[in-house]
Amino acid sequence: MPSSMLILALVFAAPAAADRSAVAAEAPTAVEAWSPAAADPPPASATPTPAPMPMPVPVAPPAQDAPSAATQPPPPPSAGPPTPPPSREPTRPDRPIRWRVDLGGDIGTTVNFDPAWRAFDYNRSAFHAGGTIRGDFRLADGRIFLGGGASFRRFGAYNYLYGSFDAELTVREPLVFFRLAAVVREGFDVFAHVGGGPSFTALSLSSYSTSYNAGYQQAVTAMADAQAGVSLYLPKKWLPRRGAARATAGFELAAGYTFRSKIKVRPELAVSDDPLPTHTSDLGDLAIRGFVWRFGVFVRFQ
Amino acid sequence: MQPPLRLRSCLTLALLAGACAPPDPYEGSFDLLPPVTTRDGLVWVDPARDEVVFVLPKGESVTTRRAAVGDEHTVVAWSAATRDRNSVLALTIPASAKEEDIDEQLYRFPADGKGDPVVYDVRAPFTAAALSPDHRRAILYFGGDGSSEQLHNANQIAIVDLKGKGVENVTLNGFGGTLKSVEFPGQIVEGEETPILIGGVAHDIAAFLADSEVVLMDLDDPALDQVAVPLGSDIGFSPRTTLLRPGNGLFADPALFVLSAQGSEVGMLTLIDEGDGSGFTAQISLIPVGQTSSDFLFYDSASVPYLITVDAAAGALVFTDIRTQGGFVVPLGSAAQRLFLRDTGGGKQVVAWARNGTQIATLDLGGIEDSLGRKPKHLKIETGIDELVVLDNDRVLIGSGNKLYVVDFPEEQVTPLSSQVPYDPRGSALVGDRLLLGTAGQSWVSTVDLQTLNPESMLLDDLIGAFHYLPGPDRIVVTHDDPAGHLTIVDPADPSRSTSHVHWGFLLQGVLDQE
C-alpha cells in the first residue's frame, strides 16, 4: 500500500528522538517562527558565518635539533608537501520557506447520491485516482499560505444493468483550484481548496442478444469541487539538511463535495456504413455529484 | 464537552444514512413479454417493474408512455390486444404462491397509454382469453395447459365487458367435461353485434367446448339457464369447432353444427326457444358425413339448406340436407382438408385445399342440387401448400417452401414469387392491394402490388425479429432482437431506405429518472 509505505518512510527518515532534542535545542528551524527582523539574533547554526580557511603552517623543528638547524638553512616552505585542511562538511545557509510547490498523486472515492448513478455502478462509490501540481506562498510572513494549482483525476464505473446491458462510464476531469493552507506547526497543515473545471464523461450502453448493439455518448459538463483536509509532511528539522533543506514529502487527507452538472443521457447507436436514419431515446438525467474523500502523497519543493 | 443529545442523534443518523446504501434500483431482470400490436403502436409488459410500456410511432419520432400494472405482490401473467386493437389486456396474478389475499385482476388499458386502466376482479389466474368478434366481450378461462395452482376449477370462467366495467364470474354447468376452448359462433361480422334470434328472441351465444360436450350460454343474460349438450363420449365425439347457421326460410330454427376432432359425424344442435322465458334449449342430432370430416360450412341453394363437409380420407365434398340428413358426395380428385366460400358474381364457389397438397379445388355451387356429377376445377401448386392465406374474395396467398404463390381465382392464374426464406403468415399484412412481407430472421421488407404482381424489396440494417403493421399511423414496424428496444419504421406505401428510420433504446427511455 502506498500509504503504509509512506508512513514507514516517514518513520525511518525521522532521526531518533534523542538526537532530535539535541538538534532542536541548538538549531530551531525557521518555518513556524521565521522572521527576517534584524532584532532577532540569528541562530548559531543558521548564521552564514564563513569559516576561516586553514592556511599551511610550517612545522617548528624540535628543540634538540636546533644546533644542526643553525648549520643548515631550513628548507624553503614550498619544497615540502602541504598539510591538507581538516575535513569538515560545508554548511549551507538555512532557507526560510516563502513558497512551496507540491507534486502529488492521490486516490479517493466519490459517494454519488443520484440513483441514476447505480445504473452504471453496483454501488454508490466511485474510486478515483489523479495527480496534482500546486504552489502557494506565505502571506504576510505568518502561518497562512495562499496558492493554487491544477489536478487531473479519472474514475470509471461498470454495471451489468438489469442483467441485460453492459453500462460503462468514464470521467476524466482537469481541475483548477485555489488553496488556502495554515501551518499549525511545521509538518502539519490544515488546508481548504475550491476549484472547478470541465468534466469529460464518456459512457456506453450495450446489449447482446442475437446481435450486438452499443450506444455511446460523450459529454462535457461543469464541475466544482470544495475540499478541506490536513497535510502531514516532514519538517525541515527532520531532514538531513535541516534548515537548508529544499525538498520534503508528505501525505494528506481531504474530504469535501464535488458538484457536476447533469448529463442528459442519450447514447448514439453505433451503426455501420450508410445506415438508415437512426434515432435514440432519452434515458434520463445523470448527476455525478456527492461527497468525496481522498488520500494523497506529495513531494514538496520549498 | 458533550454535544447535545439531539446533535448526537442527528450525527448518528447521518452516519448510518451514509453507510447504508439504498437498494439497487437496477437489479432484477429485464425480460419483457412479447410485444402486443395495437392500432397505434406496440405495447410491452415489463413484469419485473410492474409496468406497461406503450411505444407509439408518429412521424419521425417514437413516443413512449408507461403505466403501472399491479404492484410488487403481483406479476403479469399474460397480455393481449383486443380484436379492435384499441385496448390492451393484462392479467395480474400473485407473484408467488406465498402471496395470500391477492386477487387476480384484468387490466384494460387504452392503446395509446393515456388515461387510467379499467380493472376487473376476475378471481382466478386464467390462462387464456377468447375475444368476441363484436368487440364487446372477453371470456377468460383455463386453456388446455390448465393452471399451476394447487387446485383450480377447470370450468370457471369470467365474462368481461370490454365496453364497460362489469365482469361475471361463472362456473359452467356441464357434465364434467373439462373446458378446452370458447367460441362465438353467432358472430360472423367483425365489429358488429349479430345476435341470433331463437323464437324471436335475440341471444348472443357463446359455445364452450369441453370433453365430449358443448355448453351454450347467452352472454347478454348469463343468469339464463346454460344449455349443456352431451355429444357422446362413448362414440369418441370430441368437439373441435362450431358453426352457427341462423334460421331462415329454408330452415327456421338456428342450428349449431359441431365438428368432431375425429369420427364420421357432425353434431347438429337445433336451438329452440323454451317459451317460458328461461332461455333456449337444443335438440341434438348427429349427421353422418362420410369417413371423416375435417372442415365444414353451410350453404343454402335455392331450395335446400346444405351442410358441406370435406372428407379428407376420401378427398371429397359431402353435401347434406340438414332437414332430411340426406345428401351426396362430390369427389375432388385431390387432397382436401379445409374449405372456404367465395362469391363468383352470380353465385358461390367452394374452395378446398389441403396442407402439403399440390392442388386447389374449386366447385361452383350454383344449382348444385340439380347438377349431380359436377366436376371441380383445379389450380396446381407445383411445390405443395405450406400455408394458405385468404387475401380477399378473389385471391389467396400460398406459402410453399421458399416460394410464394398468388392465386387469382377469376383469372385462374397462379403467379410464383421466389423468396430467400419460407413464407411466414405472421410476417405479412395486406394493405389495400399491397401485400407486405417481413419474415423473421432475415433483413428484407418486401411489398407486392397485387394488381401488377410487381415485388419490391428494401434492405434493413438488422435482422427482423417480428413484423407488425399499425393501421393507425399506417406504418410497418419491424422489431429487432434487442432488450433495449430496437425497431425500424417503414412506410408501406413507399418502402425505401430514404423514408424509413430506426429507433433504439426506447424501452429504456427515462430509466435513469426513476426514484
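The values are calculated or read from the model by the stated rules, or taken from the named source; none is laboratory data. Since the model is a prediction, treat every value here as computed from it, not as a measurement. Positions of Cβ are generated from backbone atoms using ideal geometry, with glycine treated the same way; all protein chains shown enter the neighbour counts. Note: accessible area is taken over every heavy atom of the protein model, side chains too, but ligands, DNA and RNA are not part of it. Shrake-Rupley method; radii C 1.70, N 1.55, O 1.52, S 1.80 Å.
Which ones in the range A:102-116 are facing chain B (nearest Cβ under 9 Å) and touching a residue at least 24 places away in the same chain (Cβ under 8 Å)? Within the range A:102-116, A:Val111, A:Asp114, A:Ala116 meet the criteria. May I ask you to verify whether A:Phe145 is of a type in the set (Phe, Trp, Tyr) and farther than 30 Å from B:Gln509 by Cβ? So A:Phe145 fits the description; yes. Inside the range A:195-240, residues that are within 14 Å of chain B (Cβ to nearest Cβ), part of a strand (DSSP E or B) and more than 26 Å from A:Gly104 (Cα to Cα) make up a count of 13.
Can you tell me which residue within the range B:466-478, out of those that are open to solvent by less than 10 Å² (accessible area, probe 1.4 Å) and in contact (Cβ under 8 Å) with a residue 60 or more places away in the chain, is nearest to the other protein chains (Cβ to nearest Cβ)? That would be B:Val477.
(1) under 24 Å from B:Pro35 (Cβ atoms); (2) within 22 Å of the chain's Cα centre (by Cα); (3) at pLDDT 90 or above: which one isn't true of B:Asp145, the others all being true? Failing condition for B:Asp145: (3). For the condition in contact with a Phe, Trp or Tyr (Cβ under 8 Å, 6 or more places away or on another chain), of a type outside the set (Lys, Arg) and open to solvent by 40 Å² or more (accessible area, probe 1.4 Å), B:Asp321 does not qualify.
Of B:Ile196, B:Ile188, all but one fail to be over 17 Å from B:Glu104 (Cβ atoms) and in contact with a His (Cβ under 8 Å, 6 or more places away or on another chain); the exception is B:Ile196.
When you scan the range B:422-439, do you find a residue that is within 14 Å of chain A (Cβ to nearest Cβ) and in a loop (DSSP other than H, G, I, E, B), even just one? Within the range B:422-439, not a single residue is within 14 Å of chain A (Cβ to nearest Cβ) and in a loop (DSSP other than H, G, I, E, B). Among the residues of this structure, B:Gly357 does not count as one that is among the small types (Gly, Ala, Ser) and more than 20 Å from B:Ser294 (Cα to Cα).
Taking first residues from the range B:353-364 that are in contact (Cβ under 8 Å) with a residue 12 or more places away in the chain and partners that are among the aromatic types (Phe, Trp, Tyr), the Cβ contacts under 9 Å between residues at least 6 apart in sequence or on separate chains come to B:Trp353/B:Phe340; B:Gln359/B:Trp353; B:Ile360/B:Trp353; B:Ile360/B:Phe409; B:Ala361/B:Trp353; B:Thr362/B:Phe409. How many residues are within 11 Å of chain A (Cβ to nearest Cβ), in a loop (DSSP other than H, G, I, E, B) and either charged (D, E, K, R) or touching a residue at least 24 places away in the same chain (Cβ under 8 Å) (or both) if we restrict to the range B:479-515? Selection size over the range B:479-515: 12. Is it the case that the range A:242-261 has a residue that's open to solvent by 10 Å² or more (accessible area, probe 1.4 Å), farther than 25 Å from A:Trp99 by Cβ, touching a residue at least 40 places away in the same chain (Cβ under 8 Å) and within 14 Å of chain B (Cβ to nearest Cβ)? No, that holds for no residue. Just one residue in the set B:Gly367, B:Gly399 is open to solvent by less than 10 Å² (accessible area, probe 1.4 Å) and either over 20 Å from B:Leu243 (Cβ atoms) or at pLDDT below 90 (or both); that residue is B:Gly399.
Count, please, the residues in the range A:109-119 that happen to be part of a loop (DSSP other than H, G, I, E, B) and either over 12 Å from A:Gly284 (Cβ atoms) or aliphatic (A, V, I, L, M) (or both). Here the count works out to 1. Does B:Ser181 satisfy the criteria of being of a type in the set (Gly, Ala, Ser), surrounded by 15 or more Cβ atoms within 10 Å (Cβ to Cβ) and on the phi < 0 side of the Ramachandran plot? So B:Ser181 fits the description; yes. When B:Leu463 is tested against (1) surrounded by fewer than 18 Cβ atoms within 10 Å (Cβ to Cβ); (2) at the interface with chain A (Cβ under 8 Å from one of its Cβ atoms); (3) not in a loop (DSSP other than H, G, I, E, B), exactly one condition is not met: (3). Just one of the listed residues (A:Arg154, A:Arg179, A:Arg172) is part of a strand (DSSP E or B), over 30 Å from B:Asp482 (Cβ atoms), open to solvent by 70 Å² or more (accessible area, probe 1.4 Å) and out of contact with any Pro (no Cβ under 6 Å at 6 or more places or on another chain), and it is A:Arg154.
The residues in the range B:440-460 that are part of a loop (DSSP other than H, G, I, E, B) and more than 15 Å from B:Val490 (Cα to Cα) can be counted, and the count is 7. When the range A:265-275 is filtered for residues that are surrounded by fewer than 20 Cβ atoms within 10 Å (Cβ to Cβ) and either in a loop (DSSP other than H, G, I, E, B) or aliphatic (A, V, I, L, M) (or both), the ones remaining, listed by number, are A:Arg266, A:Ala270, A:Val271, A:Ser272, A:Asp273, A:Asp274, A:Pro275. Filtered by the rule that a residue be among the β-branched types (Val, Ile, Thr) and either over 23 Å from B:Thr415 (Cα atoms) or at pLDDT 90 or above (or both), the range B:440-467 gives B:Val445, B:Ile464. For the range A:276-290, filtering for residues that are within 26 Å of A:Ala222 (Cα to Cα) and either within 22 Å of the chain's Cα centre (by Cα) or not in a strand (DSSP E or B) (or both) leaves 6. Could we say that B:Leu450 is open to solvent by less than 40 Å² (accessible area, probe 1.4 Å), of a type in the set (A, V, I, L, M) and over 25 Å from B:Trp44 (Cβ atoms) here? Judged against the criteria, B:Leu450 is a match.
Among the residues of the range A:182-204, those identified as surrounded by 15 or more Cβ atoms within 10 Å (Cβ to Cβ) and in contact with a Ser or Thr (Cβ under 7 Å, 6 or more places away or on another chain) are A:Glu186, A:Asp189, A:Phe191, A:Ser199, A:Thr201.
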